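Right, one structure below, let's go through it.
A short reminder: the numbers here are calculations on the coordinates, not readings from a lab. Keep in mind it's a predicted model, so treat the numbers as computed, not measured. Methodologically, a virtual Cβ is constructed for each residue, glycine included, from the backbone with ideal geometry; neighbour enumeration extends over all protein chains shown.
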Amino acid sequence: MGTVVETPVKEADATVTVKKPTVVFVLGKHFVLALSSVFVVILSGGPGSGKGTQCANIVEHFGYTHLSAGDLLRAEIKSGSENGTMIQNMIKEGKIVPSEVTIKLLQKAMEESGNDKFLIDGFPRNEENRAAFEAVTKIEPEFVLFFDCSEEEMERRILNRNQGREDDNVETIRKRFKVFLESSLPVVQYYEAKGKVRKIDAAKPVAEVFDAVKAVFTPKDEKAAA
Ligand code: ADP
Ligand code: C5P
Ligand code: MG
């Protein structure tokens, strides 16, 4: 096993040090990150609040790897995996896929990325997701970006999204809103109690939302110097 090195970094105002990833040699072939030592930011918010859109901006400006749980699940369906039909049915109903499946996909993507800074978008979606992820990976997020937006605006955006998604129809959208309120918001409240939530007004235009996001990622000393 390798060692963990504490190194000063300037990624976010929430934290000034981050543990460098331990690299271990597995099966003589793959280098695998010790996931407990990576830098993770969670993006939460209702469906259509703009998480994916802002992740693209954050990746470009701050060098994170974007991991969308929904995108990983959709790719798993396309790959013809044995779980494909189950995942497809869950997504059509707006239900949350069992954590075991989603966590495996996230872990694999993290290990294959070669990066140690991640945006985890759309996960954890419920208490089971959160508890299982922490138990398996030992990862504690640095902070949680919460995209706050009205259902009316989110519905309008989703119906205009035009990505051919089977769940972007009024019937499934309503189910997803219900799941978000009942299952996902309690996870945001959990992180709120830990002082980790950074709330963003996501109803504004894309550029203005990104200004607010940037402010969260920019270290305080740089903000003062600007
Ligand atoms: P999420 O990943 O949270 O479901 P997306 O990033 O896919 O949301 O955004 C949903 C739709 O709304 C997309 O078509 C996107 O182009 C659009 N969109 C994203 N952010 C905004 C915004 N701030 N204002 C208007 N439309 C937006
Ligand atoms: O985040 P996104 O809108 O892409 O998620 C689409 C769907 O993927 C969700 O409505 C849900 O059915 C599934 N999903 C899940 N578990 C997650 C994230 C997404 O089951 N953690
Ligand atoms: Mg998305």
- Message: Quick check on the exposure proxy: order TYR191, TYR64 from fewest to most C-beta atoms within 10 angstrom.
- Response: TYR191, TYR64
- First measure r as the distance between the Cβ atoms of GLN189 and ASP71, then evaluate 1/(1 + (r/R0)^6) with R0 = 22 Å and state the FRET efficiency to the nearest 0.05. 0.30
- Task: Take peptides 198-205, 121-128, 99-106, 161-168 and line them up by average Cβ neighbours within 10 Å, highest first, as a rough protection proxy.
- Result: 121-128, 99-106, 198-205, 161-168
- First measure r as the distance between the Cβ atoms of GLU60 and ALA225, then evaluate 1/(1 + (r/R0)^6) with R0 = 25 Å and state the FRET efficiency to the nearest 0.05. 0.65
- Task: Just grab the label-to-label distance for SER113 and GLU82, each label 7 Å out from Cα along the Cβ direction, in nm (one decimal).
- Result: 2.8
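LYS178 to GLU100: FRET efficiency via 1/(1 + (r/R0)^6), r the Cβ-Cβ distance, R0 22 Å, to the nearest 0.05? Don't jump to the answer; show the numbers that get you there.
Details: r = 24 Å, r/R0 = 1.07.
Taking R0 as 22 Å, the efficiency between LYS178 and GLU100 is 0.40.
Test of understanding: ordering SER37, SER49, SER113, SER79 by Cβ neighbours within 10 Å, fewest first, what list do you get? Mind showing how you got there, number by number?
Working: SER37 19, SER49 26, SER113 16, SER79 9.
If I rank by nearby Cβ atoms, fewest first, I get SER79, SER113, SER37, SER49.
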